[in-house]
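Single-structure report; data block below.
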Amino acid sequence: MNIYIPEYVNKIIYILESNGYEAYLVGGCVRDNIIGKKPYDYDVATNATPKELETIFRDFKIVDIGKKFGTITVVMKEGQVEVTTFRIEDKYIKGRKPMDVKYISNLTEDLKRRDFTVNAIAYNPKVGFIDPFGGINDLKLRTIRCVGDPNERLKEDYLRILRVVRFATQLGFTIDVQTANACAKFSSKLKDISKERIRDEFIKILLSDKPSYGIRLMKDLGILQVILPEMIPAIGFDQRNPHHDLTVFEHTLEVLDNAPKVLEVRVAALFHDIGKPYTFKLDENGIGHFYGHEKTSVEITKEVLTRLHFSNELIKNSLVLINEHMNYSKDLNKKYVKRQLQRIGYDNLNNLIDLQIADKLSKKGDKDLSYFEEKRRILREIVEEPYLRNHLNVNGDDLKALGIEEGPLLGEILDYLLEVVIENPKKNNKSDLLEIVKRKYLKN
């Protein structure tokens, strides 16, 4: 079994070997090649020290941000390659990062420090695979397993608890029993990990092919309780509603899987109904209702995303989708879509349609999507038509030229003209609009 190596990566290996050093591909690029996935990046491990690497690659552009930990990045036209000296890591500080690294000359010892067996495989075109911990067999078995004692591996960096879930989710693998038990045992330690690191792993889970698998693993391993306790009340919550035959949690996971791989949409899918357990009311017929749950969901989601240090832009857009996800019109027409477009913007409206489709597909009964197809058709039709003030063919200066003074009235007139052209786009020409202003506001 051979693996594909791009020419620019082969060049790195050749340069190292021609200077008398060992060079092996390691980590994700080896793993992904074995399972038939195209690697996104390439890492090379070598017995050359960082100082020697700087000399060897002096004719290349290099980035030495990781030099303290033995890594330099060689920048080539075709891509970047991280080159790292064989190393072992010193004691970890509070289960998060090593105090120091020590450079070594033994590849197996370097592989031994890695997190999972599937990431502890090395490859060299002349030597072949170096697999001292059974990573290739675990790939065949579709299993995530820690290198060595899982308790020790996880103690070194407790973020690995979430990384276990992330890799299992991305690859569609199961988790080795001993590794899973260790994850459950130490799950509470995630509270000590930086929110940014947790967020980054969480995002990768959300953007996987089947994110529900990762969320279920997080629940089963006690991780959800630690990093997303607000979701716990949704588990097993019977909606007692004719439109739903699933609990809030199970419905949420279906919506999540049905949503496209757009982060705002996936985030909104996960949190769109998180407010339901807090707004549940039974009517006289025993039917469950969740009036205003979208508002409560917005409040909870804002708190969660802020806590996990998501960007302000991502938070804003996700909250818009959650707030709007119950917004439907019995009379779907161009005016209604323009109003929504004006309120939330083109990208958000497109994402909202995707979220509503995912929600519809995850409910009991009718799966007819014609409403959303028509809404999308209308949206495509109106994108060239005016729906914002700056789309008008008059502006404040034109109104001032008629004698209207700067102030609130100016904005009121522009808003009125926008209403006119939303109703009738053909009116959006300067002469017609100024004539309307003269008739309505300058009659005297």
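The values are calculated or read from the model by the stated rules, or taken from the named source; none is laboratory data. A quick note: this is a predicted structure, and the numbers were derived from the prediction, not measured. Please note: Cβ atoms are built from the backbone with ideal geometry, for glycine as well, and neighbour counts cover all protein chains shown. To get the accessible areas, we keep the full protein, side chains included, count just its heavy atoms, and leave off ligands, DNA and RNA. Shrake-Rupley method; radii C 1.70, N 1.55, O 1.52, S 1.80 Å.
Key figures
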| quantity | calculated |
| --- | --- |
| Label-point gap, in nm, between Lys126 and Tyr4 - each point 7 angstrom along Cα→Cβ | 2.5 |
| Between the stretch 1-72 and the stretch 125-178, the Cα center-to-center distance that results, in Å | 21 |
| Per residue, the convex hull volume that the Cα atoms of the stretch 175-232 enclose (Å³) | 82 |
| Rg/Rh (Cα only; Kirkwood hydrodynamic radius) as it applies to the stretch 286-350 | 1.05 |
| Nearby lysines by direct alpha-carbon distance to Lys438 (threshold 20 angstrom, same-chain neighbours under 8 apart not counted) | Lys400, Lys426, Lys427, Lys430 |
| Cα-centred dipole magnitude for the stretch 166-287, charges only on beta-carbon of K, R (+1) and D, E (-1), debye, nearest 20 | 500 |
| Net dipole in debye of the stretch 88-237 [+1 Lys, Arg Cβ; -1 Asp, Glu Cβ; about Cα centre; nearest 20] | 200 |
| Hz values of 3J(HN,Hα) by residue in the stretch 289-306 - Karplus curve (6.51, -1.76, 1.60), Gly and Pro given as x | 10, 9, 4, x, 5, 5, 5, 5, 4, 4, 4, 5, 5, 4, 5, 5, 5, 5 |
| Accessible surface, the stretch 264-376, averaged per residue in Å² (probe 1.4 Å) | 45 |
| Estimated dipole of the stretch 296-444 in Debye, rounded to 20 [Cβ of Lys and Arg +1, of Asp and Glu -1, Cα centre] | 340 |
| Rounded tilt (10° steps) of 408-423 against the dominant C-alpha axis of the chain | 90 |
| With Cα atoms, 0 to 90° folded angle of helix 195-206 axis to the chain main axis | 80 |
| Anchor Lys51: lysines whose Cα lies under 17 Å away (excluding residues fewer than 8 positions away in-chain) | Lys61, Lys67, Lys68, Lys102 |
| 13 Å beta-carbon shell around Lys11, net charge (K/R +1, D/E -1) | -3 |
| Cut-off 15 Å between beta-carbons: net charge of the residues surrounding Gly275, Lys and Arg +1, Asp and Glu -1 | -3 |
| Sorted largest first, extent of the stretch 17-71 alpha carbons per principal axis (Å) | 35, 25, 20 |
| In degrees, nearest ten, helix 248-258 long axis to first principal axis of the chain (Cα) | 80 |
| Residue pairs, from the table Lys302/Lys335; Lys204/Lys367; Lys195/Lys363; Lys261/Lys360; Lys335/Lys364, whose Cα atoms sit over 22 Å apart | Lys302/Lys335; Lys204/Lys367; Lys195/Lys363; Lys335/Lys364 |
| Accessible solvent surface per residue of the stretch 1-81, calculated while the other protein chains remain in place, 1.4 angstrom probe, Å² | 55 |
| Kirkwood Rh in Å, taken over the stretch 219-351 so that all alpha-carbon pairs contribute | 15.8 |
| Unit Cα scatterers, Debye sum, the stretch 113-192: log10 I(q)/I(0) for q = 0.23, 0.24 Å⁻¹ | -1.03, -1.10 |
| Paired Rg and Dmax values of the stretch 347-444, which use every Cα atom, in angstrom | 19.1, 61 |
| Extension gain from Leu402 to Ser188, taking 0.36 nm per residue of separation minus the Cα-Cα distance | 70.2 nm |
| Percent RCO, i.e. relative contact order, over the stretch 1-133, from Cα pairs under 8 Å lying at least 6 residues apart | 23 |
| Per-residue ³J(HN,Hα) for the stretch 148-153, Karplus 6.51 cos²θ - 1.76 cosθ + 1.60, θ = phi - 60°, Hz, x for Gly and Pro | x, 6, x, 4, 5, 4 |
| Rounded, prolate or oblate (a/c below 1.5 giving rounded, otherwise prolate when a/b exceeds b/c) for the stretch 1-127 by Cα gyration tensor | oblate |
| Pairwise Cα inverse-distance average, inverted: Kirkwood Rh of the chain (Å) | 25.9 |
| Sites Lys295 and Lys330 - FRET efficiency at Förster radius 30 Å, r taken between beta-carbons, to 0.05 | 0.90 |
| Cβ crowding within 10 Å averaged over residues, with 142-148, 181-187, 74-80 ranked highest first | 142-148, 181-187, 74-80 |
| Partner lysines for Lys126 [C-alpha distance under 16 Å; skip if fewer than 8 residues away on the same chain] | Lys11 |
| Portion, in percent, of the accessible area of the chain that falls on carbon or sulfur, probe 1.4 Å | 48 |
